[in-house]
Amino acid sequence: MPRTPQDITDAELAVLQTLWDRGPATIRQLTEALYRSGTPSEYATVQKLLERLEAKKCVRRDRRTAVHVFEATVQREELIGRRLRAVADKLCGGSLTPLLTHLVQTSGLTPQERQELRDLIDRLDRPTSRPAPRGEKGESA
């Protein structure tokens, strides 16, 4: 099955994770972070990965200096959401419920993590804003 233009390969993801963790970086800095030896072929690999990520609008290049600096333009949370949605579409007919249920049941959540989930569900269940009943908030009856 062909990839959509926004799909991120595992190698591209490694570059993004390095940018998320370390912030903006040059190709040399990324190569040194991803590969111990930093050979010319590894440098070329990182350069190609950055070109692909730039074409996908996941990174931007600062060309103001002779040595270009790259930074991630997609946030980790956004990519997580996209990838989870793709898994739900492929495996669960688009429903997140089976995916989330499986993750929660099999991951052994701590009491704190379970409480965070409860708090999230409570926040999502609250109405965002309700109009005040007539006669309240400065209205005259």
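Could you give me the ³J(HN,Hα) list for the range 88-94, computed from phi with Karplus coefficients 6.51, -1.76, 1.60 and θ = phi - 60°, whole Hz, x at Gly and Pro?
Karplus values, whole Hz, x for Gly and Pro: 4, 5, 6, 9, 10, x, x.
Convert each backbone phi in the range 31-43 into a coupling constant with the Karplus relation 6.51 cos²θ - 1.76 cosθ + 1.60 (shift: θ = phi - 60°), then list the ³J(HN,Hα) values in order as whole Hz, x for Gly and Pro.
Residue by residue, the range 31-43 yields 4, 5, 6, 8, 10, 5, 7, x, 5, x, 5, 5, 4 Hz.
Would you please give the residues with an amide H less than 5 Å from that of Thr73, counting only those at least 5 places away or on a separate chain, with H modeled from the backbone geometry?
Here the answer is Val59, Arg60, since their amide H atoms fall under 5 Å of that of Thr73.
Can you compute the label reach from Thr97? Point 7 Å from Cα along the Cβ direction, backbone N cut-off under 17 Å, restricted to the range 105-129.
105, 121, 125
Out of Arg63, Arg114, Arg126, any idea which swings most in a Gaussian network model of the chain, alpha carbons joined below 10 Å?
Arg126
Run the count for the chain, please: Lys pairs, Cα-Cα under 30 angstrom, 8 or more apart or on different chains. Could you put the intermediate results ahead of the total?
Numbers: Lys48/Lys56; Lys48/Lys57; Lys48/Lys90; Lys56/Lys90; Lys57/Lys90.
So the count works out to 5.
For the range 60-67, take each phi angle, set θ = phi - 60°, evaluate the Karplus expression 6.51 cos²θ - 1.76 cosθ + 1.60, and give the result in whole Hz per residue in order, putting x for glycine and proline.
10, 10, 8, 9, 5, 10, 4, 9
Each value in this text was obtained by applying a stated rule to the coordinates, not by laboratory testing. Everything numeric in this text was worked out from a predicted model, so none of it was measured. FYI the Cβ positions are ideal-geometry reconstructions off the backbone, even for glycines, and counts take in every protein chain you see.
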